[in-house]
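The values are calculated or read from the model by the stated rules, or taken from the named source; none is laboratory data. What you see is a predicted model; the values in this text were computed from it and never measured. Glycine gets a Cβ as well: all are built from the backbone with ideal geometry, and neighbour counts include every protein chain shown. These area figures cover heavy atoms from the full protein model, side chains too; ligands, DNA and RNA do not enter into them. Shrake-Rupley method; radii C 1.70, N 1.55, O 1.52, S 1.80 Å.
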Amino acid sequence: MALMGEEAVTAVDHRGRPVSRRSSGRWPAALFVIGVEIAERFAFAGISGNLITYLTGPLGQSTAAAAAAVNAWSGVAMMLPLLGAALADSWIGRYRTILYASLFYILGLGLLTLSSSTSPCEGTQGSAGCPSAVQVAFFYLSLYLVAFAYGGQKPCVQAFSAEQFDESDPEELASRGSFFNWWYFASNGSNTITVSLLNYVQDSVSWQLGFGIPCVTMALALAVFLLGTRTYRFYPPAGNGGLLVQLGEPLVARIKSWHSSWRSKLHHDSQPLLDGALLSPKRSTDDADLPREATPMLKLFPIWSACLVYAVVFAQWSTLFTKQASTLDRRVGSLVVPAAALQNLSHAAVMIFLPIYDRILVPLARKHTKNPHGITILQRIGVGLDTSVVAMVVAALVEMKRLGIAADHGILDEPDAAVPMSLLWVVPQFILAGLSGVFGVVGLQEFFYDQVPDSLRSLGIALYLSIAGVGCFISSFLVYAIDKVTSSAGGSWFSNNLNRGHLDYFFWLLAALSALSFSAYLHFAQAYVVKKKDNSVLVQ
């Protein structure tokens, strides 16, 4: 795809020759790339889903420190795609970025496996020198190498797969709309296997094997990706090398303009805070200075910012939701269900409801709205945000119930004792988390992919991922700040003994913030003007 006024972009094969529509792209090519996504999800979720258990177990960290470390790592991993996407769109190309990132991914997972094998500290946490500072540093080096590889691979895999469908062809355009649904379905299917298999291996067999299996899986996925090379449609990168500058210059210019207006206001009280020329839709001088590709990116900022609290809520589902579940009676017959395995409920909800949504609800809605998506993408995101508010309210109520039962049975000061409360109590909040993702996560993926300039599709996916990244940083800061304040007041909300903590207060706080964020989103969504299509990709 190309911007207005540019020459049409011709899709080519791996040797640079114009491709044939019949023999390239579409679902056959996309499936090869989806295979890489499944393996990447298997690897990433296998680490992140049980990371807090490893940090509080073999590495002996406190609950608050471990939650902050998980959020910080997740935040870095989700922000690095901005760099990876810029490199792919401007210089390297998506195919090569996926290839190089996959190699780094395999290296990082291999080092992570090695680091866990050199840290045999289970059962000796807190003893002098175990784990040593060198062992902890090596573990985090390996962990952040995985985050670096994720930053290159994640935005390019989805963008490269989606561009196998030609928007100028009605049939392929319809397939692309369905692609985002089934992409999320495949990702959650992979996560389902992860939490069922890897978390059990990590908890019951060994962490070395639990980290080693994803390493082998990524190597096999890379081989599958390379096998599909002949079927892919390639689009040359922009090659201008000025993407980050284009995005930064107009933002700095507007900040300076607002600052100048503020200073002018201080000296001239009779003038409005923002000069009429600045707010006028004409603004010929400012608009002339805005790079063509940067302007539509800045238009996305209100929607992006309104979804940050949603990402904060999303961060709890693999950390504090899991920690909350770990205190319950998780026995099913003679089997003790790993706490992290309860995340499987969210993935199961996606795998059950998403096909219903794609195959039944969308066609029904399409008859009434005449919209190819059934409902608009912005409406879909709104449903996801609203559902996340309900999920946090339910989690808060369940935590209040859990604390009450712990008090009734006199085990408030017995952190290792299972609270006599069935794990079924936490099922609704995990299912609601999955349903929220069906609407919110898939909607955000398609929205940012669709609304950025066509030459910056990888960056569009990266912008979506950066919401989760910034949300993780905000979550980490909230946990740290609240832990410091409440600890000095006599009792941390995130006490290592959760029976003496107050996760319920934290969940209520997030529910309130989510409701406010949802209100802001409704305002910005109503004012947003959807990008017009410009079909200028040539596929013979």
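Numbers for the structure displayed
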quantity	calculated
13 Å beta-carbon shell around Leu412, net charge (K/R +1, D/E -1)	-2
Per residue accessible area in Å² of segment 348-507, where ligands, DNA and RNA are left out and the probe is 1.4 Å	39 Å²
Estimated distance in nm for a label pair at Ala365 and Lys401, the labels positioned 7 Å out from Cα along Cα-to-Cβ	3.0 nm
Stretchable slack from Leu197 to Val390, in nm (0.36 nm times residue separation minus alpha-carbon distance)	66.5 nm
Too-long pairs where the Cα-Cα distance tops 27 Å, listed order kept, from Lys154/Lys370; Lys323/Lys401; Lys154/Lys367; Lys299/Lys323; Lys299/Lys367	Lys154/Lys370; Lys154/Lys367; Lys299/Lys323; Lys299/Lys367
In range of the label at Ala515: residues from segment 310-340 whose backbone nitrogen is under 17 Å from the point 7 Å along Cα→Cβ	310, 313
Solvent exposure, largest accessible area first (probe 1.4 Å, DNA, RNA and ligands not counted), of Asp386, Asp450, Asp329	Asp386, Asp329, Asp450
Shape category assigned to segment 298-339 from the gyration tensor of Cα positions, a/c cut at 1.5	prolate
Extension gain from Ser422 to Asp329, taking 0.36 nm per residue of separation minus the Cα-Cα distance	32.9 nm
Burial order of peptide ranges 152-162, 216-226, 431-441 (average beta-carbon count within 10 Å, highest first)	152-162, 431-441, 216-226
Shape category assigned to segment 353-398 from the gyration tensor of Cα positions, a/c cut at 1.5	prolate
Label-point gap, in nm, between Glu414 and Thr376 - each point 7 angstrom along Cα→Cβ	5.7 nm
Sulfur and carbon atoms: percent of accessible area, segment 473-521 [1.4 Å]	68 percent
Accessible area of segment 29-92 divided out per residue, in Å², using a probe of 1.4 angstrom	22 Å²
